[in-house]
Structures are given as structure tokens and as C-alpha cells.
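Asks: Can you read through this structure? Questions will come right after.
The values are calculated or read from the model by the stated rules, or taken from the named source; none is laboratory data. The structure displayed is predicted, hence computed values, not measured ones. Using ideal geometry, Cβ is built from the backbone for each residue, glycine included, and neighbour counts are taken over all protein chains shown. All accessible areas refer to the heavy atoms of the entire protein, side chains included, with ligands and DNA or RNA removed. Shrake-Rupley method; radii C 1.70, N 1.55, O 1.52, S 1.80 Å.
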Amino acid sequence: MSPEAELRAAIAGCRTCAAHLPHGVRPVTGFSATARLLIIGQAPGSKVHASGIPWDDASGDRLREWTGLTKQQMYDPAQVALVPMGFCYPGKASGGDKPPRRECAPQWHHRILDLLPEDRLTLLVGTYAQGHYLPGARRLSMSERVRRYREFLPHFFPLPHPAWRSTIWMRQNPWFEAEVLPELREAIGRHI
């Protein structure tokens, strides 16, 4: 078995957080050693938990719209690695889902990143991914991190989470669609 296949099997068999997952363990991720685009999101929602397919919901539709990726491209692990901060659905909280479990990123991310090409672009989708991978920028609001995306290139590209609430945020921040999305698509084009 290849190191990549061994890692996938280890993640699929992970039970570290089982006692804290009210809907059971179902790690949802996808990657291969050739993926030069890495998308790090939050954690699977209930629909993704049910299907086992990353970003298989309205947020995924919006993310594909933002990135210009087709479903075929996004779900081709040879091109795109899909790695959430928490691999399993954490359950509901008031006002949305619970935060991603804190155990996943320290346990698995470095092992996945070690497999990926060094010249990859990493989309940091939402505040959990940005807080973990851009610790020096935690003092900035999510909007400021996104507005100042050029400061994090060529390795990282911060984005808001594409949940339904992002439509309100986009109306309040028209620069995102006008300025950031064309640059995002261009950066992705250099890695796909």
C-alpha cells in the first residue's frame, strides 16, 4: 500500500473524536500527492456527512462559483485536495453547526501537507482555517484578511466561508466580487 493510501485508510479509521460526535464518525476529505490546489474549509455539514462528498451542499456550489472550478475539477483529487479543519460533522449549535473538532488539524494536516507538492496554492475558507494557518493575521477581521489577500500569496488565499450568510457579506463588500474573485480564479488557473 502506498503512503497516500495508508494515510487515507488511517483517516477513514480514525475514532479520536467519536465520543464527541453526536451523529457518528465519518471523516470526509479527499487528496492525492499531485494536487496543487488545496482547499481547507471548516467541517462537513449534515448534508456532506450524509453523502460523504466534501462541499456537496449549497456552500460547495457557491465555492465552485467563486473559484470557477467545475465539479469534475473540484472532485478530482489529482488536481484538488479537500481538507477540512475538522473531518467529521460536529453537530448543531445555536445559530449553525458546532465548530470543527480541534483534534483533526494537529493530528492529520501535517501528514497530508507532507504528501502534496510544495508549489501548491491553499485556499483558506473561513475563520477557522485562517486562524490556524495565518496566526499572525488573527488580529485582523475576516474581511480584512480577505481584502489583504495579496499579503498571503503565493501560498495562501483567504476567503470567507461560502455559507448562505456570505450573500449578505458580499452585498456589503462589493470589492470581493469585483476585485478578489478575478484574482482568485487567475491564481487557481496557475495551479490547475
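Asks: Give the carbon-plus-sulfur fraction of the accessible surface of the range 65-116 in %, rounded to a whole number; probe 1.4 Å, heavy atoms of protein chains only. Mind dumping the intermediate values first?
Replies: Numbers: 1250 of 2480 Å².
C and S fraction of accessible area: 50 percent.
Asks: Further question on the same structure: Could you run the Karplus curve 6.51 cos²θ - 1.76 cosθ + 1.60 with θ = phi - 60° over the range 182-192 and give me ³J(HN,Hα) per residue in whole Hz, x for Gly and Pro?
Replies: x, 5, 4, 4, 5, 4, 5, x, 6, 10, 10
Asks: Now for a different question. So if R0 is 41 Å, what FRET efficiency would LEU113 and GLN172 give, r being the distance between their Cβ atoms, rounded to the nearest 0.05? List each step's numbers first, then the result.
Replies: Details: r = 33 Å, r/R0 = 0.82.
E(calc), rounded to 0.05, equals 0.75.
Asks: For the chain, what does the helix formula give at 222 nm: sum of -39500 (n - 2.57) over DSSP H segments with n ≥ 4, over the residue count, nearest 500 deg cm²/dmol?
Replies: Only helices count here, giving -8500 deg cm²/dmol.
Asks: Taking the highest mean first, how do the peptides 118-124, 7-13, 38-44 order by number of other beta carbon atoms within 10 angstrom per residue?
Replies: The most tightly packed comes first, giving 38-44, 118-124, 7-13.
Asks: Between ARG185 and LYS92, what FRET efficiency comes out of the Förster formula 1/(1 + (r/R0)^6) with R0 = 45 Å and r the beta carbon distance, rounded to 0.05?
Replies: 0.85
Asks: Of the candidates PRO77, PRO174, PRO117, which one comes out as most mobile in a Gaussian network treatment of the chain with C-alpha springs shorter than 10 Å?
Replies: The residue with the greatest mean-square fluctuation here is PRO174.
Asks: While we're looking at this one, here's another question. Pick out which of ARG150, ARG26, ARG36 has the largest mean-square fluctuation in a Gaussian network model of the chain, springs linking Cα atoms closer than 10 Å.
Replies: Among ARG150, ARG26, ARG36, the largest mean-square fluctuation in the Gaussian network model of the chain belongs to ARG150.
Asks: Which lysines does LYS47 reach when only Cα atoms under 16 Å apart count, and residues fewer than 8 places away in its own chain are ignored?
Replies: Of all the lysines, those that pass the test against LYS47 - Cα under 16 Å, at least 8 places apart if same chain - are LYS92, LYS98.
Asks: Hey, can you grab everything whose amide H is under 5 Å from the amide H of LEU37? Only 5+ residues off in sequence or another chain; H modelled, so Pro and N-termini drop out.
Replies: Placed amide hydrogens put ALA81, LEU121 under 5 Å from LEU37.
Asks: Something else now. Taking a probe of 1.4 Å, how large is the accessible area per residue of the chain, in Å²?
Replies: Per-residue accessible area for the chain comes out at 49 Å².
Asks: When the chain is fully extended, how far beyond the present Cα-Cα distance does GLN72 get from ARG150, taking 0.36 nm per residue of separation?
Replies: Fully extending the segment from GLN72 to ARG150 adds 25.3 nm.
Asks: Still on this structure: Residues in the range 36-58 near a label at GLU4, defined as backbone nitrogen under 13 Å from the 7 Å Cα→Cβ point?
Replies: 36-37
Asks: When the chain is fully extended, how far beyond the present Cα-Cα distance does TRP164 get from ARG102, taking 0.36 nm per residue of separation?
Replies: On the way: separation 62, 0.36 × 62 = 22.32 nm, distance 2.42 nm.
That pair, TRP164 and ARG102, stretches by 19.9 nm at full extension.
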